[in-house]
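Chemist: Quick one: the structure is below, questions incoming.
The values are calculated or read from the model by the stated rules, or taken from the named source; none is laboratory data. Just so it is clear, the structure is predicted and the values come from calculations on it, not from any experiment. Virtual Cβ from ideal backbone geometry, glycine too; neighbours counted across all protein chains shown. These accessible areas exclude ligands, DNA and RNA; they are computed on the full protein's heavy atoms, side chains included. Shrake-Rupley method; radii C 1.70, N 1.55, O 1.52, S 1.80 Å.
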Amino acid sequence: MGARRIEGGIARPAPVSIDVDGQSIQAFPGESVATALWAAGIRALRTSPVSASARGIFCAMGVCQECVADIDGRTTPTCLEPVREGMRISLRWNRP
Amino acid sequence: MSACDVIVLGAGPAGASAAIEASKAGLNVVLLDAGAAAGGQVYRAPPGSFRVTDAEAMGPDFAIGDGLRQELAASPAKCFFGRSVWHIAPGFVVRAVFEGNTEVYEAPTLIVAMGTHERVIPMPGWTLPGVMGLAAATILLKSQRILPGENTVVAGTGPLLAAVAASILKGGGKVAALVELSTRMDWVKALPSLISRPDLLKRGFGWLGELRAAGVPIYRGHALTAITGDAEVTGVEIAPVDAQWRPLAGQRRTIAADSVTIGHGLVPSTEVTRLMGAKHEYRHEQGGWVALRNEDFETTIPNIFVAGDGAGIAGAAAAALRGRITGLAVARRAGRKIDASRETTLRAQLGKAERFGHAISDLMQARPGLIETMTPETIVCRCEEVTRADLDSAIRDGARDVNQMKAWTRCGMGPCQGRMCGEAAASLLAAVQGGDRSKVGQLTARPPLRPIPYEAIVGQFDYADMELPEPQPG
């Protein structure tokens, strides 16, 4: 199940679609890609290179590198990257 | 290349305040930050595309952060956001990545205000998706406006615990339990130092009141000994601890949850001063290794200054004051006219703020027994998946220093560059040397200071464009 967005205090812009490995999900421009994935219930963002175990958001500030994914062809921490319409994200970039 | 009088690294309360003061005193200031706006982690703004409709609902930190952002925007300082600094050469030549390309900035003076990162002493299951730091949960709640989970265990040390738990409730989520290492007595002992900030003390009591009203179970003097679940978090196991925070055997209790947020205090981020070769000392109550500095916050490397929590954990209020004093000091030393009485007032305020901040920081620092939550199979280094058993084996083989341990086991060699595992590894090493962290040293800082795209270093080129000599003999 996806994590719930908090409605109070702010108004979000109109949602857009982003592509995650062929699946289209709704996201709000400006929120982080990590947040959009979290809200869509996608918690496992990559597999670790040694044991291929699932990893997700851990520091949310660009330090731990656990949430990196392929965004439009570039390996990027999803917690720092703002959502833009039409973004293409791959969570399988480091898997065989 | 962009040349100026001062480069400030980091736009949190310290860096932004330093840039405001130095630029208003007439210096040409460039401020670089990896984020999208000023505020750092503590005053992190919601995304620019979000419209704040109810500032009160965003909490008191939002108003302070917004005030700081407005003051910075009105100052002559030139701010460059989205810049990740990866190298600094003497002189000082700063290299930062922006949108995949390297930019170069140059100035004779550097103010380093890189803030902190969070310490988490590992336990089984801490790599599962759904487990995150307290600072991460704060960012999700305050800036991204999303819950860390439906039913969250909040665990660790310090005032962030109650703050995060109260924010989860306010955002409509459920707190499965608050699990704190400190006891009520630890807080009572700190009280005389905390009374200097009655406003913050009142806020803390307010959070606890909200948790009690919501019926959140609070376990004090307890550690998280395991996080359970196969693919995702299903719950936690907790145990009471002794005075050194060693979990007591045979008294485990389980709590169901779908997410966990955990932290064991903050560690000053010193990679820049380490890279530049400044002298550091280990100060437990300030979060660990800090750069040695004089009263103007100048390090042992002339013209490199440190400000904020990166110079030793003392909290957001002290960070802003340190930033202002550093900004004024840099301007004074550059021969600019500054208001000396204002500097005196700021220094007096700093004394009071630091007293509060150091007392809180002291409460948050992990005690030596906490390393026992790391079982032999527990992954300590998340990047390279080095377990406690691997580290214990290196220690048995004679590793005595964190860099030696890194070379032998790869612990700290991955993309986080030891920021996640460094504290745990150093604590294990220190445990066999009488608990003295100063003996085990600190990891050597090397460029790139952050993982960056390869093209950002080498630039973009085509092999066809390379001039190759004709094969010889022709």
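Conditions tested, residue by residue: (1) within 19 Å of B:A163 (Cβ to Cβ); (2) of a type in the set (K, R).
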| residue | (1), (2) |
| --- | --- |
| B:L321 | no, no |
| B:A329 | no, no |
| B:G335 | no, no |
| B:T344 | no, no |
| B:R347 | no, yes |
| B:L363 | yes, no |
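Chemist: When you scan region A:77-89, do you find a residue that is out of contact with any helix residue (DSSP H, G or I) (no Cβ under 6 Å at 6 or more places or on another chain), open to solvent by less than 20 Å² (accessible area, probe 1.4 Å) and more than 7 Å from chain B (Cβ to nearest Cβ), even just one? If you could, list the steps in order and put the result at the bottom.
Modeler: Taking region A:77-89 and keeping what is out of contact with any helix residue (DSSP H, G or I) (no Cβ under 6 Å at 6 or more places or on another chain), we get A:77, A:80, A:82, A:84-89.
Now restrict to residues that are open to solvent by less than 20 Å² (accessible area, probe 1.4 Å): A:87, A:89.
Pick out the ones that are also more than 7 Å from chain B (Cβ to nearest Cβ) and you get A:87, A:89.
Within region A:77-89 (the criterion being out of contact with any helix residue (DSSP H, G or I) (no Cβ under 6 Å at 6 or more places or on another chain), open to solvent by less than 20 Å² (accessible area, probe 1.4 Å) and more than 7 Å from chain B (Cβ to nearest Cβ)), the answer is yes, since at least one residue qualifies.
Chemist: I'd like the full set of residues that are assigned to a strand (DSSP E or B) and within 9 Å of chain B (Cβ to nearest Cβ), limited to region A:1-41.
Modeler: Step one: of region A:1-41, the residues assigned to a strand (DSSP E or B) are A:5, A:10-11, A:16-20, A:23-27, A:32.
Those that are assigned to a strand (DSSP E or B) and within 9 Å of chain B (Cβ to nearest Cβ): A:R5, A:I10, A:A11, A:S32.
Chemist: A:S48 is checked against (1) over 27 Å from B:G40 (Cα atoms); (2) more than 10 Å from chain B (Cβ to nearest Cβ); (3) open to solvent by less than 20 Å² (accessible area, probe 1.4 Å) and fails just one. What number does that condition carry?
Modeler: (2)
Chemist: Tell me yes or no: at least one residue of region B:52-74 is touching a Lys or Arg at 6+ places or on another chain (Cβ under 6 Å) and within 14 Å of another protein chain (Cβ to nearest Cβ). Can you show your working first?
Modeler: First, the residues of region B:52-74 that are touching a Lys or Arg at 6+ places or on another chain (Cβ under 6 Å): none.
Within region B:52-74 (the criterion being touching a Lys or Arg at 6+ places or on another chain (Cβ under 6 Å) and within 14 Å of another protein chain (Cβ to nearest Cβ)), the answer is no, since none of the residues qualifies.
Chemist: Still on this structure, I have one more. Only residues that are polar (S, T, N, Q) and within 13 Å of chain A (Cβ to nearest Cβ): list them for region B:148-177, please.
Modeler: B:N151, B:T152, B:S167
Chemist: Of the conditions (1) free of Cβ contacts under 8 Å to residues at least 24 places away in the same chain; (2) open to solvent by 30 Å² or more (accessible area, probe 1.4 Å), B:L160 clears all except one; give me its number.
Modeler: Here B:L160 clears every test but (1).
Chemist: Only one of (1) surrounded by fewer than 16 Cβ atoms within 10 Å (Cβ to Cβ); (2) at pLDDT 95 or above; (3) in contact with a helix residue (DSSP H, G or I) (Cβ under 8 Å, 6 or more places away or on another chain) fails for B:L428. Which number is that?
Modeler: Among (1) surrounded by fewer than 16 Cβ atoms within 10 Å (Cβ to Cβ); (2) at pLDDT 95 or above; (3) in contact with a helix residue (DSSP H, G or I) (Cβ under 8 Å, 6 or more places away or on another chain), the lone unmet condition for B:L428 is (1).
Chemist: If you take the residues in region B:1-56 that are outside any loop (DSSP other than H, G, I, E, B), over 21 Å from B:Y105 (Cα atoms) and touching a helix residue (DSSP H, G or I) at 6+ places or on another chain (Cβ under 8 Å), which one is least open to solvent (accessible area, probe 1.4 Å)?
Modeler: That would be B:P13.
Chemist: Return only the number of the condition from (1) out of contact with any Ser or Thr (no Cβ under 8 Å at 6 or more places or on another chain); (2) open to solvent by 20 Å² or more (accessible area, probe 1.4 Å); (3) part of a helix (DSSP H, G or I); (4) more than 30 Å from B:T127 (Cβ to Cβ) that B:K337 does not satisfy.
Modeler: (3)
Chemist: Counting only residues that are outside any loop (DSSP other than H, G, I, E, B), closer than 24 Å to B:L160 by Cα and not β-branched (V, I, T), how many does region B:282-315 have? Let's see the steps before the verdict.
Modeler: Going residue by residue through region B:282-315, those that are outside any loop (DSSP other than H, G, I, E, B) are B:282-286, B:288-291, B:298, B:304-306, B:308-311.
Still in the list and also closer than 24 Å to B:L160 by Cα: B:282-286, B:288-290, B:308-311.
Checking which are not β-branched (V, I, T) leaves us with B:282-286, B:288-289, B:308-311.
The number of residues fulfilling the criteria is 11.
Chemist: Restricted to region B:132-147, and to residues that are closer than 17 Å to B:M58 by Cα, within 7 Å of chain A (Cβ to nearest Cβ) and not hydrophobic (A, V, I, L, M, F, W, C), which residue is surrounded by the most Cβ atoms within 10 Å (Cβ to Cβ)?
Modeler: B:Q144
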